[in-house]
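Since every read-out is calculated from the coordinates, none of them should be taken as a lab result. On a predicted model such as this, the values are computed, not experimentally measured, just so you know. Using ideal geometry, Cβ is built from the backbone for each residue, glycine included, and neighbour counts are taken over all protein chains shown.
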Amino acid sequence: MIKVIDATTAEQLDAVRQLCWAYRDFLLTFDAENARIIRTFYPHDVYADLMENLTRDSAPPHGSVKLALKDGESVGCGMSRTLEPGVAEIKRVYVTDAARGTGAGRAIMTALIDQCRADGFEMIRMDTGKPLKAATQLYLSLGFELRGPYYDVPEIADGLLLFFEMRL
């Protein structure tokens, strides 16, 4: 059974960091164009700083960091943050290979959506890479709708991302 918790302890946040690094590595396995985007936007040192300051923008009531556990083992994560007043952004939703197909991704997303609603957000936005077809289907099945970019997309990533929005 999948259990999603708020990652608050040092041990839990370290587990999220490890999962986020695994997510970055996973994204690098796609075609060269997508790998170039990851290396451009999240070079190792920038990503390391982001991981070190994981809760800076993702702590209640401005966001959250979720950790999915299966039989006590860390198998997935996701986070939200305030994008602008009333609007949250979901980032870095990831599930390990071993947990794919178990409902872990849906459980993480549901926990994040519920948290955003409880924190008083009116809307959630998020993006994902076009190669992540299972993630795209999950987001659409949860009620997210495709939309145009909600930030300036650098030329290197133009046409390679999908953008989503959900009114709460």
Q: Taking each pair of different alpha-carbon atoms in the chain once, compute 1/r for the pair, average those values, and report the inverse of that mean as the Kirkwood hydrodynamic radius in Å to one decimal.
A: 16.1
Q. Ranked from highest to lowest mean number of other Cβ atoms within 10 Å per residue, what is the order of the peptides 124-131, 145-152?
A. 124-131, 145-152
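Taking neighbour Cβ counts within 10 Å as the exposure measure, how do His62, His44 sort from fewest upward? Display every interim value, and only then the final one.
Numbers: His62 15, His44 10.
Listing His62, His44 from fewest to most nearby Cβ atoms yields His44, His62.
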Q. Between Lys66, Lys91, Lys133, which gets the highest mean-square fluctuation from a Gaussian network model of the chain, Cα cutoff 10 Å?
A. Lys133
Q) For the chain, what proportion of DSSP beta bridges, expressed in % and rounded to the nearest 5, is antiparallel? A) 90
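Which ordering of Glu73, Glu89 is given by a fewest-first count of other beta-carbon atoms within 10 Å? Display every interim value, and only then the final one.
Details: Glu73 11, Glu89 22.
Ordered from fewest to most neighbouring Cβ atoms within 10 Å, Glu73, Glu89 come out as Glu73, Glu89.
For the chain, give the magnitude of the charge dipole about the Cα centre (Cβ charges: +1 Lys/Arg, -1 Asp/Glu; no others), in debye to the nearest 20. Numbers along the way, then the final one.
Working: 19 positive and 24 negative charges, 90 e Å.
Using only the charged Cβ atoms, the result is roughly 440 debye.
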Q: Could I get the Rg over Rh figure for the stretch 119-162? Both from C-alpha atoms, Rh via Kirkwood, rounded to two places.
A: 1.00
Q: Starting from the Cα of Val46, step 7 Å along the direction of its Cβ; do the same at Ile156; then give the gap between the two resulting points in nm.
A: 0.6
Q) Once Lys and Arg get +1 and Asp and Glu get -1 on their Cβ, which of Gly63, Leu19, Ala107 lies farthest toward the positive end of the dipole of the stretch 1-121? A) Ala107
Q. Which FRET efficiency, nearest 0.05, do Glu165 and Ala98 yield, Cβ-Cβ r, R0 35 Å?
A. 0.65
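Using just the helices of the chain, give the 222 nm mean residue ellipticity in deg cm²/dmol: DSSP H runs with n ≥ 4 each add -39,500 (n - 2.57), and the total is spread over all residues, rounded to 500. Before the final figure, lay out each step's value.
Details: 5 runs with 61 residues, N = 168.
Computed ellipticity for the chain at 222 nm equals -11500 deg cm²/dmol.
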